[in-house]
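The values are calculated or read from the model by the stated rules, or taken from the named source; none is laboratory data. Quick caveat, the model's predicted, so the values are computed rather than measured. Backbone-built Cβ (ideal geometry, glycine too); neighbour counts: all protein chains shown. For the accessible areas, the whole protein counts, side chains as well, though only heavy atoms, and no ligand, DNA or RNA atoms are used. Shrake-Rupley method; radii C 1.70, N 1.55, O 1.52, S 1.80 Å.
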Amino acid sequence: MAKYIFIVGGVMSGIGKGVATASIGSILKNKGFGVTAIKIDPYINVDAGTMNPTEHGEVFVLDDGYETDQDMGNYERFLDETLPSINYMTTGRVYQEVIRRERNLEYKGKNVEVVPDVPLEVIRRIKEATTKAKADVTLIEVGGTIGEYQNIIFLEAARMLKHECPTDVAVVMLSYVPIPQNIGEMKTKPTQYASRELNSVGLQADVILARASTSLDAKRKEKIATFCNISPERVISAPDVESIYDVPLNFEKDGLGDILCDVLNLKHRSTDLLSWQGFVDKTKNGNKKLHIAVLGKYFMSGDYVLSDVYISVIEALKHASAHQDLGVKLSYLDSEVYEINPAKLQELKQYDGVLVPGGFGSRGVEGIISAIQFVRENKIPYLGLCYGMQLMVVEYARNVAKIPDAHTAEIKPDAQNTVIDYMPEQKENMARQSFGGTMRLGGYACKLNANTIARDAYGKDEVRERHRHRYEVNPEYIVKLKEAGLVFSGVSPDERLMEIAELSKKEHPFMLGTQFHPEFLSHPLAPHPLFLAFIRACTT
Ligand code: GLN
């Protein structure tokens with residue numbers, strides 16, 4: 001019998017519901033259960049691809065090409081699984097399916113109503129994901145906070161599923177327990193209100209994860225238990241931790257795995273978090289800390305740095321460093337600075353390596369290109385991801401191959417030489433103004449050429465990597481670029497698309513760019529080979 005755990009948020013957003021969900025998944029998986037995880041985003045957007053990264057964070061691309069929320073990345077990393085698109089849904093996606101079915105007369109003439117037809121579609125998707133994964137336990141994270149109008153339909157789905165199979169559904173509420181500075185005492189009242197709000201939609205939390213700056217004392221646990229209708233052992237401390245990878249270990253200290261087994265009538269099993277613990281120890285051991293610059297433009301939201309936009313890149317750097325017993329310190333650099341003040345480029349010399357992640361649009365691009373020229377000429381290790389690869393090619397075309405006015409068509413469509421240009425099918429999409437879900441998305445095979453840095457790093461001849469782009473290296477310039485010394489070490493199986501560009505070891509210690517996003521495939525216990533190679537180059 002399949003079991004379901006709904007994870008809902010109380011009091012406020014941004015307190016780590018995705019990591020909590022992923023951590024519960026990792027605990028149950030390490031108990032030997034088959035686990036899958038679903039993210040529900042209560043937006044009208046059909047996918048996350050049309051949302052601005054500064055508003056919504058990273059767009060995480062699944063292998064099958066669906067553009068999703070960054071939490072799907074947390075699930076894949078913590079569960080060490082590849083998740084399919086049925087595991088992500090937005091309000092828009094659910095309604096789109098209900099309306100499609102209505103248009104096809106699949107409701108056979110009956111009135112189609114928000115309740116129960118929309119929650120029923122949500123439940124259908126949850127069950128399909130469970131079957132597809134052959135999961136014993138399915139985690140369903142409901143985005144947003146209890147009490148919002150937006151997620152009510154999803155909470156109704158949880159209630160209906162619980163009504164259908166009462167002993168197979170658990171509800172976990174992640175709540176925030178503040179310690180207001182001027183009071184200096186941990187206050188449980190907001191959690192009590194959140195619990196009451198949850199009751200008002202017909203749900204009762206089985207477990208409360210209490211997010212706070214510290215662990216809860218017995219008195220607060222007791223208070224939450226009494227007023228939220230659960231036993232104190234089921235109030236779990238979720239204090240601030242040094243690293244997100246500590247979270248499963250912390251939850252297990254309070255016996256969360258066994259508690260969930262009790263709620264769901266599952267037999268207790270021991271949890272094997274040994275390898276996980278080994279990885280976590282390594283993230284803290286690093287006696288030497290590498291200093292890496294991440295150069296981009298989606299960093300600021302008002303006065304705040306938004307590193308969430310690059311979460312998979314940041315995590316991939318951490319995985320690769322930890323595996324080499326190194327710590328990593330990241331600095332986020334805004335490339336526009338180099339356009340205003342080129343002298344500032346000198347500061348790049350202080351870093352062990354520079355990484356340019358994916359991006360779109362013109363802001364800061366000339367700054368990135370100047371920085372790439374600087375790291376090439378000064379032999380600073382460089383890793384370019386997607387836009388970072390395309391701009392590496394533009395820089396090489398301009399300054400080494402001496403191709404005049406070389407540019408990407410994304411920025412200067414009428415440039416004399418668009419060395420990066422639309423992929424042919426993308427021209428049609430743009431002409432039709434068909435933007436949503438139409439990039440080259442998801443996993444594609446990539447052939448690796450012998451005697452290259454990439455081939456050596458991967459240790460095999462063919463790999464599969466995830467994409468999200470509309471532009472490519474213009475085939476008309478490949479010969480010219482090669483003649484000038486640029487090595488295309490990875491290509492699509494039909495050899496039409498250039499997937500990896502690098503400089504030979506003679507020219508540069510490590511300068512490599514990928515048209516795909518390797519960061520999506522890096523997992524804590526299985527770091528990505530290209531990130532490993534980059535980090536290795538940064539140490540020498
Ligand atoms: N803007 C570029 C393209 O669409 C790169 C995209 C990216 O970096 N993900 O091709």
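Every test in (1) modelled with pLDDT of 95 or more; (2) closer than 17 Å to V142 by Cα; (3) surrounded by 16 or more Cβ atoms within 10 Å (Cβ to Cβ) is passed by V98 save one, and that test is (2).
Could we say that I86 is modelled with pLDDT of 95 or more and within 24 Å of L525 (Cα to Cα) here? So I86 fails the test.
Only residues that are among the polar types (S, T, N, Q), more than 16 Å from the ligand (Cβ to nearest atom) and surrounded by fewer than 16 Cβ atoms within 10 Å (Cβ to Cβ) were counted in the range 317-366, giving 4. Within the range 398-418, restricting attention to residues that are over 17 Å from L503 (Cα atoms) and open to solvent by less than 30 Å² (accessible area, probe 1.4 Å), the residue that is farthest from the ligand (Cβ to nearest atom) is I403. More than 18 Å from the chain's Cα centre (by Cα) and open to solvent by 30 Å² or more (accessible area, probe 1.4 Å), is that true of V46? Spelling it out, it is not the case that V46 is more than 18 Å from the chain's Cα centre (by Cα) and open to solvent by 30 Å² or more (accessible area, probe 1.4 Å). H508 fulfils the conditions (1) in contact with a helix residue (DSSP H, G or I) (Cβ under 8 Å, 6 or more places away or on another chain); (2) open to solvent by 20 Å² or more (accessible area, probe 1.4 Å); (3) in a loop (DSSP other than H, G, I, E, B); (4) of a type outside the set (D, E, K, R) except for a single criterion, (2). One residue stands out among those in the range 369-381 that are over 13 Å from F531 (Cβ atoms) and in contact (Cβ under 8 Å) with a residue 40 or more places away in the chain: the one that is nearest to the ligand (Cβ to nearest atom), which is A371.
The residues in the range 423-469 that are in contact with a strand residue (DSSP E or B) (Cβ under 6 Å, 6 or more places away or on another chain), within 16 Å of the ligand (Cβ to nearest atom) and either acidic (D, E) or assigned to a loop (DSSP other than H, G, I, E, B) (or both) can be counted, and the count is 3.
Taking every residue in the range 394-408 that is among the aromatic types (F, W, Y) and modelled with pLDDT of 95 or more and pairing it with any residue that is part of a helix (DSSP H, G or I) and away from the ligand (no atom under 16 Å from the Cβ), at least 6 positions away or on another chain, the pairs with Cβ-Cβ distances below 7 Å are Y396/L481.
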